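Worksheet for the structure shown next.
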Amino acid sequence: MSLLSREELNDPNIIDGGPLAGDYKRGSNSLGELILRELTRQGDKVAFVHGVTSLRMTFGGILDQSLALACYLREELGVRSNDVVALVSENRFEYPVTICALMYLGARAALFNPLYTARELEHCIGLAKPKVIFVAAQTSMAVQRACVKIRRPAKIVHYDNGARGLTYQQCLEDSGRKLKLGSFVPEATNLEQHVALIVMSSGTTGLPKGVQITQLNVITTLTYTKELLTVLSKNAAQMVAVDVMPWFHVAGGVSMLNWMLNGMQLVFIPRFNPRVYLSCIHQYRPNMLNTVPPIAVFLAKSPLVDEYDLSSVKTIICGAAPLSREVEDLIRSRLNVSSIRQAYGMSETTLAILVQMDEDNLPGSVGKVRAGQYAKVVDTETGKTLGPDQNGELCFKGTLIMKGYIGKEDAIDKQGWLRTGDVGYYDKNRNFYIVDRLKELIKYKAFQVPPAELEALLLSHPKVKDAAVIGVPNEKVGELATAFIVPAEDVHVTPEEIAKFLNDQVSVHKRLHGGVRLIHEIPKTASGKILRRNLRELAKNKAKL
């Protein structure tokens with residue numbers, strides 16, 4: 001656990017989130033032991049519902065299958081503690097079962113995007129070096145080709161029946177004939193050092209990096225979720241959530257484990273479909289939605305929303321990128337939700353390290369530092385810690401911070417601080433606000449222009465469905481703010497109309513000097529972050545025409 005030095009303890013500008021709950025490790029010697037105990041305790045309650053097929057799986061079903069799978073992996077495929085096993089799949093019942101099985105063994109679960117290109121798969125497999133790879137039908141051939149190309153032998157297990165080769169179902173059946181469930185004992189581990197998950201960073205600036213999440217990182221998040229559910233559940237016998245976040249992403253995968261291990265029922269959708277998503281909310285009556293900004297914008301602006309009853313939703317949690325106050329206000333007025341809780345985190349912080357927990361949360365704020373964590377805002381030039389209401393780079397330290405990147409030792413400084421590359425500030429009450437990515441700030445003359453501010457204004461226009469702003473290089477002034485917008489359905493809008501709308505509301509240096517371009521879709525990562533490099537390429541290619 002990271003501790004502050006004597007000098008840091010005396011620095012009034014380092015924000016302390018306070019102590020973690022006394023028994024936050026829940027008396028466990030490993031994450032696998034904790035999972036086994038919680039699944040046993042929940043028994044026949046429904047854990048997962050497939051939002052498309054309506055099929056269900058109980059906690060007891062997860063327990064039985066995960067134990068059988070763990071035994072097969074250990075006895076037949078030789079998987080041991082610290083071995084890496086990859087999952088390349090969409091959201092499905094087998095996904096949490098596989099992760100649970102790997103945690104019992106002390107193995108590392110590497111979570112890969114099933115939509116990765118051949119180049120990205122080769123990179124990720126070469127980086128993580130998995131011994132076994134679980135694949136869905138859509139990814140099977142690409143994974144096998146990648147293994148051959150980089151000469152990385154790995155045993156392939158197919159989630160889908162009928163595939164050529166070893167299937168998930170065969171693993172369960174072969175193991176079930178030999179398994180004595182009561183005799184299985186999960187591997188004991190060093191919680192602080194033992195890697196549980198390898199998640200791939202978003203890759204917004206290049207090929208993904210392998211982020212190593214420890215068992216202690218994951219266990220810490222369980223305490224926060226338990227506290228949150230205590231606040232939100234009130235008289236509910238079992239909390240229900242509709243989940244569309246991809247589980248290969250840290251926010252999706254760790255959240256899924258959190259909901260499961262805190263006894264929630266999770267209605268999951270393999271991939272986002274507007275009508276399927278809305279019909280699941282209508283049918284299953286969730287108390288809470290776990291979203292990212294693109295889905296929040298959809299809820300705020302899509303005409304489809306009016307066709308469904310979403311009145312059960314009382315709380316919306318939104319992370320991955322800043323959500324503007326304008327979009328928050330639109331959602332509140334449309335859905336009449338009790339609270340919208342913004343959170344801030346990244347792959348390197350396991351889950352949200354800043355979160356709104358108070359009932360009177362502030363629009364636009366991402367909340368306060370979580371218990372057991374520390375935060376500071378530093379001057380990007382001098383590294384000096386800054387006080388309230390001063391923009392600087394956000395830095396964090398504590399039990400949520402990753403162990404490091406695979407093969408890279410310099411991700412965290414010698415004092416244990418993670419530099420995020422995000423610009424933000426905190427107010428006098430220690431509520432934090434995100435301004436923008438340090439690398440994404442547009443440099444116009446001597447000014448820094450945050451794209452997120454301009455995007456929020458653009459999204460408030462009734463004719464704009466989605467928007468993104470980038471800086472286009474210019475020899476005279478540095479960069480020109482350039483907007484890409486997706487028009488709302490069945491409306492006529494011109495670039496000039498949108499440019500005037502924004503330019504009338506901002507100072508000269510923030511205006512869209514690079515103009516406005518209409519586009520069919522804003523390119524984004526699976527977690528909803530704008531792929532600005534794709535837009536820069538688009539702008540560059542258009543400039544050559």
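The values are calculated or read from the model by the stated rules, or taken from the named source; none is laboratory data. What you see is a predicted model; the values in this text were computed from it and never measured. Note: ideal-geometry Cβ built from the backbone for every residue, glycine included; neighbour counts use all protein chains shown.
Numbers for the structure displayed
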item: Members of segment 391-412 found to be surrounded by fewer than 17 Cβ atoms within 10 Å (Cβ to Cβ) and of a type in the set (Lys, Arg), listed by number; result: 408
item: Qualifying residue in segment 413-435 (condition: surrounded by fewer than 17 Cβ atoms within 10 Å (Cβ to Cβ), in contact (Cβ under 8 Å) with a residue 12 or more places away in the chain, farther than 30 Å from residue 129 by Cβ and among the basic types (Lys, Arg)); result: yes
item: Answer residue from segment 150-171, given it is over 21 Å from residue 78 (Cα atoms) and within 30 Å of the chain's Cα centre (by Cα) and is surrounded by the most Cβ atoms within 10 Å (Cβ to Cβ) among those; result: 160
item: Test: residue 494 is within 25 Å of residue 299 (Cα to Cα) and modelled with pLDDT of 95 or more; result: yes
item: Yes/no for residue 461 being free of Cβ contacts under 8 Å to residues at least 60 places away in the same chain and on the phi < 0 side of the Ramachandran plot; result: yes
item: Flag if residue 294 is within 21 Å of residue 346 (Cβ to Cβ) and out of contact with any helix residue (DSSP H, G or I) (no Cβ under 7 Å at 6 or more places or on another chain); result: yes
item: Single residue of 347, 311 found to be buried (at least 21 other Cβ atoms within 10 Å of the Cβ), small (Gly, Ala, Ser) and either touching a strand residue (DSSP E or B) at 6+ places or on another chain (Cβ under 8 Å) or on the phi < 0 side of the Ramachandran plot (or both); result: 347
item: Some residue of segment 21-42 being in a loop (DSSP other than H, G, I, E, B), more than 30 Å from residue 417 (Cβ to Cβ) and touching a strand residue (DSSP E or B) at 6+ places or on another chain (Cβ under 8 Å); result: no
item: Options 368, 384; residue that is closer than 14 Å to residue 429 by Cα and either in contact (Cβ under 8 Å) with a residue 60 or more places away in the chain or surrounded by fewer than 18 Cβ atoms within 10 Å (Cβ to Cβ) (or both); result: 368
item: Odd one out for residue 104 among (1) assigned to a loop (DSSP other than H, G, I, E, B); (2) closer than 17 Å to residue 83 by Cβ; result: (1)
item: Residue 324, sole failed condition from (1) under 14 Å from residue 290 (Cβ atoms); (2) out of contact with any Ser or Thr (no Cβ under 6 Å at 6 or more places or on another chain); (3) surrounded by fewer than 24 Cβ atoms within 10 Å (Cβ to Cβ); (4) small (Gly, Ala, Ser); result: (1)
item: Meets criteria (in contact with a Lys or Arg (Cβ under 6 Å, 6 or more places away or on another chain) and within 17 Å of residue 327 (Cβ to Cβ)) for residue 485; result: no
item: Considering residues of segment 511-540 that are within 24 Å of the chain's Cα centre (by Cα) and farther than 18 Å from residue 440 by Cα only, the residue surrounded by the most Cβ atoms within 10 Å (Cβ to Cβ); result: 526
item: Test: residue in segment 48-65 that is touching a residue at least 12 places away in the same chain (Cβ under 8 Å), among the charged types (D, E, K, R), touching a Leu at 6+ places or on another chain (Cβ under 6 Å) and not in a strand (DSSP E or B); result: no
item: First in segment 17-32 and on the phi > 0 side of the Ramachandran plot, second anywhere and in a loop (DSSP other than H, G, I, E, B), Cβ under 8 Å, 6 or more apart; result: 18/371; 18/372
item: Flag if residue 465 is among the basic types (Lys, Arg) and at pLDDT below 90; result: no
item: Members of segment 372-396 found to be over 19 Å from the mean Cα position of the chain (by Cα), under 22 Å from residue 254 (Cβ atoms) and at pLDDT 95 or above, listed by number; result: 374, 375
item: Of the criteria (1) touching a Ser or Thr at 6+ places or on another chain (Cβ under 7 Å); (2) without any contact (Cβ under 8 Å) to a residue 24 or more places away in the chain; (3) of a type outside the set (A, V, I, L, M, F, W, C); (4) farther than 16 Å from residue 261 by Cα, which one residue 44 fails; result: (4)
